[in-house]
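The values are calculated or read from the model by the stated rules, or taken from the named source; none is laboratory data. For clarity, every value in this text was computed on a predicted model and none was experimentally measured. In this analysis, Cβ positions are derived from the backbone assuming ideal geometry, glycine residues included, and neighbour counts consider all displayed protein chains. With ligands, DNA and RNA removed, areas are computed over all heavy atoms of the protein, side chains included. Shrake-Rupley method; radii C 1.70, N 1.55, O 1.52, S 1.80 Å.
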Amino acid sequence: MKTLVWVEHDGQSVKDATLSAVTAAAKLGEVHLLVAGQGVDGVAQAAAKIAGVGKVHVADDAAYAHQLAENVAPLVVELMGHHDAFVAPATTTGKAIAPRVAALLDVMQISDVLSVEGEDTFTRPIYAGNAIATVQTRDAKKVLTVRGTAFEKASPEGGSGTIEAVAATGDTGLATFEGAEIAALTRPELTSARVIVSGGRALGSGEKFHELIEPLADKLGAAVGASRAAVDAGYVPNDYQVGQTGKIVAPEVYVAVGISGAIQHLAGMKDSKIIVAINKDEDAPIFQVADVGLVGDLFKIVPELTEKL
Ligand SMILES: Cc1cc2nc3c(=O)[nH]c(=O)nc-3n(C[C@H](O)[C@H](O)[C@H](O)COP(=O)(O)OP(=O)(O)OC[C@H]3O[C@@H](n4cnc5c(N)ncnc54)[C@H](O)[C@@H]3O)c2cc1C
């Protein structure tokens, strides 16, 4: 079985989410990659070094400069003529490309795959991760998005894939790129961080969020996350949100500060190895999943903790 994996990149390097997708794809058989972009020689070279990779298909064209799903999907469909499965990481862009591929191939998509049980059988979360469904597809071509935290990352070194240029399928004209505002990250990225400190509604304001959460995160070398209530209240931007409708994370340590532990928040972080919760309500649901719980006022505990660290 030949699987095509879409390589997520920023024009310079391969994003970590791709490495988990490669591990998932390897469970199905031979792994080929697709690098779509403009001026992506460096990315293609890096992709070819990923352990276990066979061919790297490279489509270098202005139509793919901004990874518009509307343009990438027809390219994938073209390549699916000689692949049996398409795998994309379940990231924002991966989740925009894969359904278009599935629709164009007239097959179902299997989303957020947690494990590969066989070449047509997979597990995936339902009810915000409270139940795991085992699903089987009879479609000849499989289209999957895979959850990064469920698969080990393939080694970015040690592979010797062959690079092959593929013809561009052109600009569909269905979408145009207007601009991008990329937040400059001074901290680790949420989805690949080893430690995350997240703040909730209890912080009360953006100022307090920055004043209390960021120094603690800096001491721990952590990424900063937030509950949806904190995002909706405007304390921090949307891309900080952890949870069912935010990012799915599974760091070594997750510190939840003033977060109640609603089921939709837990869906995004409950696979973290160690969960530390700071909450003034000892009955808060977050304590049901916490390994370490501190009951008390965060405005007192967090500065003390930051100072002691
Ligand atoms: C379809 C849907 C999708 C959703 N997706 C997400 C999602 O992706 N992510 C997400 O987070 N939520 C999501 N939600 C929202 C979710 O249901 C909760 O409303 C949200 O997580 C609550 O955020 P919170 O814990 O910050 O706030 P609250 O529930 O208000 O909790 C605040 C907590 O802080 C504690 N507290 C208050 N003051 C202090 C203090 N001084 N010191 C210490 N502790 C204090 C309180 O005891 C309380 O437990 C979703 C909801 C829906 C319906």
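Among the GluC sites (Glu not before Pro) in region 94-180, those located in a DSSP loop and surrounded by at most 14 other Cβ atoms within 10 Å of their own Cβ are E152, E157, E178. Rounded, prolate or oblate for region 184-281? Axes are the square roots of the Cα gyration tensor eigenvalues, ordered a ≥ b ≥ c, and the cut-off for rounded is a/c under 1.5. Verdict is rounded for region 184-281. Counted residue by residue at 0.36 nm each, then reduced by the alpha carbon distance between them, the extension gain from R187 to T92 reaches 32.2 nm.
Please tell me the relative contact order of the chain in percent, rounded to the nearest whole number, where contacts are Cα pairs under 8 Å and at least six residues apart. About 15 percent, as a whole number. Taking the chain as a Gaussian network of alpha-carbon nodes connected by springs under 10 Å, the highest mean-square fluctuation of the residues I259, I274, I248 belongs to I274. Heavy-atom accessible surface of the chain, averaged per residue, reaches 47 Å², computed with a 1.4 Å probe. Using the Cβ-Cβ distance between H82 and D106 with R0 set to 22 Å, the FRET efficiency works out to roughly 0.80. By accessible area, using a 1.4 Å probe on protein heavy atoms only, the chain has 48% of its surface on carbon and sulfur. Relative contact order of region 5-49, taken over Cα pairs closer than 8 Å and 6 or more residues apart, is 48 percent. Note on E164/H210: beta-carbon distance plugged into 1/(1 + (r/R0)^6) with R0 of 35 Å gives a FRET efficiency of 0.15. Here the calculated FRET efficiency for E304 and T134, from their Cβ-Cβ distance with R0 = 45 Å, stands at 0.45, rounded to the nearest 0.05. For region 179-297, the relative contact order works out to 23 percent when only alpha carbon pairs closer than 8 Å and six or more residues apart are counted.
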